[in-house]
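See structure below.
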Amino acid sequence: MKNYNACGLVAILFIVFSFFVSACTHQDPGALPEKGYYILFQLDGERPDVESPVELTLESGRFSGVGPVNRWQAPINGNRVGQIALTRMMGPPAQMSVEDRLMSALEGATVQLGSDGQLEFVQGDVVRAVFLPKSK
């Protein structure tokens, strides 16, 4: 009879341990991934007119990007974008205009993970920029 009690106790401990591990590793569905690669899909409700894709890399509490002209990076505190640092090269006026709009859309925005894995940069109630996951 003691054998059955020991087996039952082991089974209960295993179940409790499984729930504990599951609870500790559960990720909030709206939480940002630790790492990811993205391409700009939409800026202020429109597809951006750029010469080459605008790329964003998300890594542990910060992001960096390239395009349309310069390289840029910023910290993410919670889900809020901090101050953006960027190189200051000149490019074609149309590309510089897109880049200015993009920097305005990103800095200070709240980043949220969309239902299809896209990153959405929101200011107020407006989604200013959408980045889609890039296949590597």
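The values are calculated or read from the model by the stated rules, or taken from the named source; none is laboratory data. Model, not experiment: these values are computed from the prediction. Every residue, glycine as well, gets a Cβ built from its backbone with ideal geometry; the counts of neighbours run over all protein chains shown.
Considering only residues that are in a loop (DSSP other than H, G, I, E, B) and either basic (K, R) or surrounded by 15 or more Cβ atoms within 10 Å (Cβ to Cβ) (or both), which ones fall in region 92-125?
E107, A109, Q118 - these are the residues of region 92-125 that are in a loop (DSSP other than H, G, I, E, B) and either basic (K, R) or surrounded by 15 or more Cβ atoms within 10 Å (Cβ to Cβ) (or both).
In region 114-136, which residues are modelled with pLDDT under 95 and either closer than 18 Å to R62 by Cβ or among the hydrophobic types (A, V, I, L, M, F, W, C) (or both)?
K134
Go through region 57-71 and give me each residue that's within 14 Å of V98 (Cβ to Cβ) and under 15 Å from the mean Cα position of the chain (by Cα).
If we filter region 57-71 for residues that are within 14 Å of V98 (Cβ to Cβ), which is where we start, we get 65-70.
Selection gives G65 alone.
It is to be established whether one or more residues within region 80-88 are within 12 Å of the chain's Cα centre (by Cα) and either among the β-branched types (V, I, T) or at pLDDT 95 or above (or both).
For region 80-88, residues within 12 Å of the chain's Cα centre (by Cα) and either among the β-branched types (V, I, T) or at pLDDT 95 or above (or both): present.
Which of (1) touching an Asp or Glu at 6+ places or on another chain (Cβ under 7 Å); (2) over 25 Å from D125 (Cβ atoms) does S64 not meet, given it meets every other one?
S64 satisfies all of (1) touching an Asp or Glu at 6+ places or on another chain (Cβ under 7 Å); (2) over 25 Å from D125 (Cβ atoms) except (1).
Residues of region 126-136 being surrounded by 12 or more Cβ atoms within 10 Å (Cβ to Cβ) and under 14 Å from Y38 (Cα atoms), which ones?
A129, V130, F131, L132, P133, K134
Taking strands (runs of 3 or more DSSP E) that fall entirely within region 29-86, which contain at least 2 residues that are farther than 19 Å from G108 by Cα?
The strands (runs of 3 or more DSSP E) meeting that bar are 35-43.
Hey, among the residues in region 33-53 that are in contact with a strand residue (DSSP E or B) (Cβ under 6 Å, 6 or more places away or on another chain) and under 14 Å from Q118 (Cβ atoms), which one's modelled with the lowest pLDDT?
G36
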